[in-house]
Amino acid sequence: MFPQPGLPMRIIRLSIDNFRGVKHATLLLPKHGVVIGDNNTGKTTVLEALDLVLGPDRLNRVPPISEHDFFNGRYFSKPPVDATAALLAIDAEPPQAAASGGDIAEQPRIQIEAVIVDLSLEQRARFGDHIEFWDSTASKLYDTPNPAGVDAASIAEALRVTFHGWYDEEEDDFEGRTYFSRSLAEAARPEQFSRKDKQLCGFLYLRTIRTGSRALSLERGSLLDIILRLKEVRPQMWEDTLGTLSGMAVASDPALGISPVLESINTALKKYVPKEWGVEPHLKVSDLTREHLRKVVTAFIATGDGQHAAPFYRQGTGTINMLVLAMLSQIAESKQNVIFAMEEPETAIPPYAQKRIVHEVRKLASQTLFTSHSPYVLEEFTTDETLVLARDAQGMLAQRTIELPDNVKPKRYRQEFRTIFCEGLLARRVLIAEGPTEASAFPVACRRLAELNPETYFSLEALGICTVDASGEKNVSGMAKLYRGLGKRTFGICDKQDNENEAKIKAEVELLLMHEEKGFEDLVIKGTTKAALERFASQLDWPPHILKNYPDPVAQVVDALGEYFAWSKGNWGIADFLAQCSEAETPAWIKEAAKTLKEACAPSPPSAQKVEPADENAHPETGVDGID
């Protein structure tokens, strides 16, 4: 059973230790939220951790964890000889009780703790002996030795449960169990948080691939299985189905040629063994058991106008995802409050349907947690509902909040979310460009250089850098502060700044790429070759108003292209020019800036570093010295 309807039960805090790529994390979860971050930051790890501690079916796996679930794959520390007796008792003793055996406490152990608040009456009655109190003001458990303090409006009843996963050397296998957290510290033997206890919490983890592939099967934990359990439907079909399959003869027609071969085998068999040992070999459909049937019994769906039906998992990915949404609505119709954790609802779904999924799931659940890379999903959540994750090299996973700088008002953030802010939120490294020209042209130049000389240059995409347009030199520092506060590595690219603004930008970025020209257009025209300008000018479809001023633009190429680049500012004019340049024709400052970024993000091994010869084409005002 799931909790009673109408109650906003939710997970308020999640702590993770030694699980997969996370050494430690403590996260405060909103009622509805989206978890974002660059790939391999730990988004899926957070949802998997919730499934381990609260998923009613996860621990049915044998074993429930593997060596790859331990941080850095380290699951065993060999103890000294005198600790052998304690080690052999690890399975007999609960995790905390066994920890008193000296070196046993040093064994690597996965620990995941969840704090659940807003408990239903049924939950309070069942878990009464383990109830604690949560202080929403301090965002921690209430532990003040003052019983009267729990009557405050900010104090709510809470349930704390902890999953422990460890390696059992005696059994040479992995174990995993969930316990009431209070019993780990207060009881002589910890009390397990059972499967029925977990069902009462109603956690449901919807994986991107696995959920859809088995949604309409009878496999344990599938959406159809959950709906049947909610409606208390127990299909009594296993014995009849297995009996029918057992009675079916296969290939008994002699014309097929199989039965005579089996008869000859039977004749030969009788020469060597008595009939009690086994005779009469014949073929049957299968050796299915009830568990096999659960996995293979699958719903078929007709497609198109015809009557032909195919397994539901053979439908399009988008259709499967909408099928999942329809089945979730069935859970909602059962008036059950559940906690949904859902991976990437945007997979193979158009934008309008992505938004509908988010809205529908939020309506039917007491709490929802999504992971997503879609701007259409992310913009459905406020800044307070967006959890930006950042993980350092030591495996410490941190939760960041979005704090808008003074020059970014909430209205602008909402209006320009898809076009400007979203990509930076999802990236690990962000290059803040002064304006649209730099934002469009510099990435194109780096990509072109990487194509021409891949050993020396990398594209920004290969370096994991996204470029964000700050829409003005005065906005660069504020935009950099926004992303830096979210744990991103920030870089800046801009024209020559006054000392005050330069200092502001440098305070917020790891690396500032600043040239000495008044505009990026001047940098390109002065830094390239005349041949490159003339080639581009001859291929260009010139706007009439520029041809009026320069009837022969190739003859006056510098002035004509200067006006063209100014006219096409932010409209890929400079980017188109750089995309057709050779390495020698690319301005020296841009080449050195590309190398500097590469070295910052993907440094060369010490043995590979060497002093580069001076570039003969370098302009005195656009050389290496212009890069801060």
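Quick note: the coordinates plus some simple rules give every number you see, no bench work behind them. Predicted, not measured: the structure shown is a model, and the values here were computed from it. Glycine gets a Cβ as well: all are built from the backbone with ideal geometry, and neighbour counts include every protein chain shown.
Apply 1/(1 + (r/R0)^6) to the Cβ-Cβ distance of Ser538 and Ala393, taking R0 = 60 Å, and write down the FRET efficiency to the nearest 0.05. Efficiency for this residue pair is about 0.70.
Summing Lys, Arg as +1 and Asp, Glu as -1, what charge do residues with Cβ under 12 Å from the Cβ of Arg362 carry, Arg362 excluded? The answer is +1. Determine, from the Cβ-Cβ distance of Ile131 and Arg356 and an R0 of 51 Å, the FRET efficiency 1/(1 + (r/R0)^6), rounded to the nearest 0.05. According to the calculation, E is roughly 0.85.
Restricting attention to region 417-537, the count of lysine pairs at 8 or more positions apart or across chains with alpha carbons under 19 Å apart stands at 15. Modelled label positions at His24 and Leu547, each set 7 Å beyond Cα in the direction of Cβ, lie 7.0 nm from each other.
At full extension, Ser154 and Glu516 could sit 124.7 nm farther apart than now, given 0.36 nm per residue minus the alpha carbon distance. A Förster distance of 45 Å, applied to the separation of the beta-carbon atoms of Asn40 and Val558, puts the FRET efficiency at 0.45. Cross-link pairs exceeding 18 Å between alpha carbons, from the set Lys43/Lys355; Lys31/Lys140; Lys140/Lys198: Lys43/Lys355; Lys140/Lys198. Find the centroid of the Cα atoms in region 566-593 and in region 403-448, then give the distance between the two in whole Å. One Cα centre to the other: 20 Å. Across q = 0.18 Å⁻¹, region 407-626 modelled as identical point scatterers on its alpha-carbon atoms has Debye log10 I(q)/I(0) values of -1.34, in the order of the q list.
With each label modelled as a point 7 angstrom along the Cα→C-beta vector, the Asp173-Thr382 pair spans 4.9 nm.
Taking a label point 7 Å from the Cα of Thr401 along the Cα→Cβ vector, which residues of region 26-42 have an amide N closer than 13 Å to it? Residues 28-30 qualify, since their backbone N sits under 13 Å from the label point. Note on Leu460, Leu540, Leu431: ascending count of other Cβ atoms within 10 Å places them as Leu540, Leu460, Leu431, the fewest first.
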